[in-house]
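We did not get these values from a lab; they are worked out from the coordinates using the rules stated. The structure presented is a predicted model; accordingly, all values stated were derived computationally and were not measured. All Cβ positions, even for glycine, are placed from backbone atoms using ideal geometry, and neighbour counts span all protein chains on display.
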Amino acid sequence: MSKNYRSELVGAFGCPIDENPTGVMEEAAFAAAGLDYRYLTIKVDKEEIETAMKAVRALHMRGINLTIPHKVSAIPFVDELSPEAQIIGAINIVVNNNGVLWGDNTDGKGFLKSLTDRDISVKGKTITVLGAGGASRAICVVCALQGASRLHIINGSVERGSELVALLTEKTPAKADLIPWESTSAVPDDTDILINATSVGLYPNVDQKPDIDYDTIKSGTVVCDVIFNDPNSLFLREAAQRGAVTVNGLGMLVNQGALNFKLWTGQEAPVDVMTETLQREFGL
Ligand code: NDP
């Protein structure tokens, strides 16, 4: 039998990308599963995304992750989109099925899995989301499609916030409204789940927290952060002091990585290996 010296190639396109830890996590998972896959962390400038997407086909790569600033701009260069990606309007993963590029968005699904892993359901819940950027859109759409009844979006840019509310109202069964973020914002009284989906608190700015009135968080509220470095963010620590049940951003990062692993390889991901690798990487 002839030997195969060609590894399956996957990776990420982004800019900036140098500090993105996904490759370490995915390579550890491939090694643990005994798969001959390589994950390449590749810097692709904004204006080069078309060329880079052509390279996925030309190099017979199995797929690619997309991060800032390519999650929306890469869409014209894929052939098919998952239903969720069509609604969200952004992709973070492409699978190359024999030259047919299929795009999906696993950010929201990864977030949801970090809740279901803790036996927390979004069905019938009222969710308050801080931020209306890419992570927020993915989380809001998936929660709305999974049965959340109402979403309050708190955002600084009214334009971006209104766009998300319109998208949720038109394309999902959930009710949605915008609360303009003008000064220290109160958490709406009916909130079951509060999510920080802004970039506030991301390393190195670990001493920053979203400008909300933390005393309006009720004891027992589920409070989640997308920030994964530091996973024990100031936002979550403030919420925990008010008796909240907290869910950090590490679970979302690992779970979206695990979903991507499965989409590329067809195998279940070794989630424990991925979690341990990231924790080691972040010095936890
Ligand atoms: P975007 O740039 O698309 O959106 C950023 C959002 O944060 C906007 O709504 C913006 O508001 C808001 N924002 C930024 N600064 C402030 C501030 N000082 N006060 C209030 N709101 C603010 O980024 P993404 O949505 O792509 O990413 C957001 C965060 O999510 C990042 O930190 C990223 O690392 C993290 N993330 C984590 C993942 C995980 O797996 N854990 C996966 C994906 C992302 P405005 O509209 O007013 O500008």
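Suppose R0 equals 35 Å; then what is the FRET efficiency for ASN20 and ASP189 from their Cβ-Cβ distance, rounded to the nearest 0.05?
According to the calculation, E is roughly 0.35.
Against the empirical 2.2 N^0.38 Å scaling, what ratio does the C-alpha Rg of the stretch 68-148 come to?
Working it through for the stretch 68-148, the quotient is 1.16.
At a threshold of 8 angstrom on Cα-Cα distance, excluding pairs fewer than six apart, so keeping six or more, what relative contact order does the stretch 154-256 reach in percent? Walk me through the intermediate numbers first.
Details: 168 pairs, mean separation 22.3, N = 103.
Answer for the stretch 154-256 is 22 percent.
So if each residue of separation counts as 0.36 nm, and I subtract the Cα-Cα distance between ASP213 and ASN4, what length gain in nm does that give?
Here the answer is 69.3 nm.
Given the stretch 135-255 reduced to its alpha-carbon atoms as identical point scatterers, what log10 I(q)/I(0) does the Debye formula return at q = 0.18 Å⁻¹?
-0.99
Please compute, for the alpha-carbon atoms of the chain, the extent along each of the three principal axes and give them in descending order in Å.
Each principal axis gives a Cα extent; for the chain these are 66, 39, 32 Å.
Modelling each spin label as a point 7 Å along the Cα-to-Cβ direction, I'd like the GLU276/ASP45 distance in nm, to one decimal.
So the label points at GLU276 and ASP45 sit 4.2 nm apart.
Gain in length, ILE68 to ALA55, computed as 0.36 nm per residue apart minus the alpha-carbon separation, to one decimal in nm? Before the final figure, lay out the partial values.
Numbers: separation 13, 0.36 × 13 = 4.68 nm, distance 1.84 nm.
Stretched out fully, the ILE68 to ALA55 stretch lengthens by 2.8 nm.
Output the 0 to 90 degree angle, nearest 10, between the alpha-carbon long axis of helix 107-116 and the longest principal axis computed from the alpha carbons of the chain.
60
Give me the one-decimal nm value for the distance between modelled label points at TYR203 and SER149, 7 Å along each residue's Cα-to-Cβ direction.
4.0
With a 10 Å Cβ neighbour count serving as the proxy for reagent exposure, in which order, fewest first, do TYR214, TYR203 appear? Walk me through the numbers on the way to the answer.
Values: TYR214 18, TYR203 12.
Neighbour counts put them in this order, fewest first: TYR203, TYR214.
Return the loop-located GluC sites (Glu not before Pro) in the stretch 195-284 (DSSP other than H, G, I, E, B) with at most 10 other Cβ atoms within 10 Å of their own Cβ; answer none if there are none.
Details: sites: GLU238, GLU268, GLU276, GLU281; in loops: GLU268.
Here the GluC sites (Glu not before Pro) that fit, given the DSSP loop and packing criteria, are GLU268.
Just name one of ALA186, SER162, ALA176: the one whose Cα is farthest towards the positive end of the charge dipole of the stretch 160-204 (beta-carbon charges, Lys/Arg +1, Asp/Glu -1).
Positive-end residue among those listed: SER162.
Cut-off is 10 Å between beta-carbons; in what order do TYR39, TYR5 appear when sorted fewest neighbours first?
Values: TYR39 25, TYR5 6.
Ascending Cβ contact count within 10 Å gives the list TYR5, TYR39.
Between 0 and 90 degrees, rounded to the nearest ten: what's the tilt of helix 249-265 against the longest Cα principal axis of the chain?
30
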